[in-house]
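To start, the structure itself, in structure tokens.
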């Protein structure tokens, strides 16, 4: 019992350290690349100033970049400790959905009869990672005829433009494709 | 390359015009947000992307791509904040008669 507890604690500690390390690398790197793109110069002076600014800014920001978990009390996530590769593929899928959504809305707007039947639906999707919640709410806004009206206690209130849009996100049985994908992205 | 840029620019124009038309034609606040939130995001993205392609690959086009990135991050939040404010202050969504 004691040994088991010890092992799990060590594993947890390592995990936290790995997440911290990822956070320590990703944010300054992103800021540094941002600096290079904006200045557009590769002189030593500009690179040194940029590197220092990136390090100072990420150090100042570090206290607010640990987000408390939604369900596990006492646990917190590093905001930049994300599954980047999976996120990349998810964003490609989202881009496709965004284009489809726009064509659908364009067709509805240009249709003289205006075939809309707006409705409000709710669905429940418990996600522990705060970034996952944000990603889901944001993806809903960008995709076919749906807007997130409110998020609270795992319940998402959605305003849908048509009945099909409402059903694709919150089917009568089971879960919609998007919540499942976001859940899989964060292994929840 | 110019043709690709032109196609991107004009599809961007098309989506922005459709979004503006939607804002005029839709019946209530929430449905108008549908037009504004989505049409603008893709319209601006395509438009700026077209400019980046026309410009060729250099630092200016990278900066233009950054604009696309920030529009994608900020626009959904704007739409959500507006709809949540309306929802919490008790605005009832418009529904079709008889439903």
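Taking the conditions exactly as written (surrounded by 13 or more Cβ atoms within 10 Å (Cβ to Cβ) and in a helix (DSSP H, G or I)), does residue A:70 satisfy them or not?
So residue A:70 fails the test.
With the structure loaded, tell me whether residue A:141 is in contact with a strand residue (DSSP E or B) (Cβ under 6 Å, 6 or more places away or on another chain) and either at the interface with chain B (Cβ under 7 Å from one of its Cβ atoms) or within 20 Å of residue A:78 (Cα to Cα) (or both) or whether it fails that test. Taking the combined requirement at face value, the residue satisfies it. Could you check, for the stretch A:41-61, whether at least one of its residues is in a loop (DSSP other than H, G, I, E, B), free of Cβ contacts under 8 Å to residues at least 40 places away in the same chain and within 13 Å of chain B (Cβ to nearest Cβ)? The answer is yes, given that some residue of the stretch A:41-61 is in a loop (DSSP other than H, G, I, E, B), free of Cβ contacts under 8 Å to residues at least 40 places away in the same chain and within 13 Å of chain B (Cβ to nearest Cβ).
The set of residues in the stretch B:70-99 that are within 26 Å of residue A:39 (Cα to Cα), loosely packed, with under 15 Cβ neighbours inside 10 Å and more than 10 Å from every other protein chain (Cβ to nearest Cβ) comprises B:70, B:74.
Only residues that are more than 9 Å from chain B (Cβ to nearest Cβ) and either without any contact (Cβ under 8 Å) to a residue 40 or more places away in the chain or over 21 Å from residue A:136 (Cα atoms) (or both) were counted in the stretch A:108-125, giving 5.
Do you know which residues across the stretch B:41-60 are more than 10 Å from chain A (Cβ to nearest Cβ) and either at pLDDT below 85 or closer than 17 Å to residue A:97 by Cα (or both)?
Within the stretch B:41-60, B:44, B:56, B:57 meet the criteria.
If you check A:110, A:161, A:169 for being buried (at least 17 other Cβ atoms within 10 Å of the Cβ), modelled with pLDDT of 80 or more and touching a helix residue (DSSP H, G or I) at 6+ places or on another chain (Cβ under 8 Å), only one passes: A:161.
Determine which member of the set A:89, A:123 is at pLDDT 80 or above and in contact with a strand residue (DSSP E or B) (Cβ under 8 Å, 6 or more places away or on another chain).
A:123
Note on the stretch A:127-146: among residues that are in a loop (DSSP other than H, G, I, E, B) and touching a residue at least 60 places away in the same chain (Cβ under 8 Å), the one that is nearest to residue B:72 (Cα to Cα) is A:129.
Here is a yes/no grid of residues against (1) farther than 15 Å from residue B:84 by Cβ; (2) assigned by TED's automatic domain parsing to the domain that holds residue A:91; (3) in a loop (DSSP other than H, G, I, E, B):
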position: A:123; (1), (2), (3): yes, yes, no
position: A:148; (1), (2), (3): no, yes, no
position: A:168; (1), (2), (3): yes, yes, no
position: A:175; (1), (2), (3): yes, yes, yes
position: A:179; (1), (2), (3): yes, yes, no
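In this structure, residue B:53 does satisfy being touching a residue at least 12 places away in the same chain (Cβ under 8 Å) and crowded, with 18+ Cβ neighbours inside 10 Å. Residues in the stretch B:1-34 that are more than 9 Å from every other protein chain (Cβ to nearest Cβ), under 11 Å from the mean Cα position of the chain (by Cα) and buried (at least 20 other Cβ atoms within 10 Å of the Cβ): 1 in all. Filtered by the rule that a residue be at pLDDT below 85 and assigned to a loop (DSSP other than H, G, I, E, B), the stretch B:61-99 gives B:90, B:91, B:92, B:93, B:94, B:95, B:96, B:97, B:98, B:99.
The values are calculated or read from the model by the stated rules, or taken from the named source; none is laboratory data. Remember, predicted model here, so these are calculated numbers, not experimental data. Note that each Cβ is placed from the backbone with ideal geometry, even for glycine, and that neighbours are counted across all protein chains shown.
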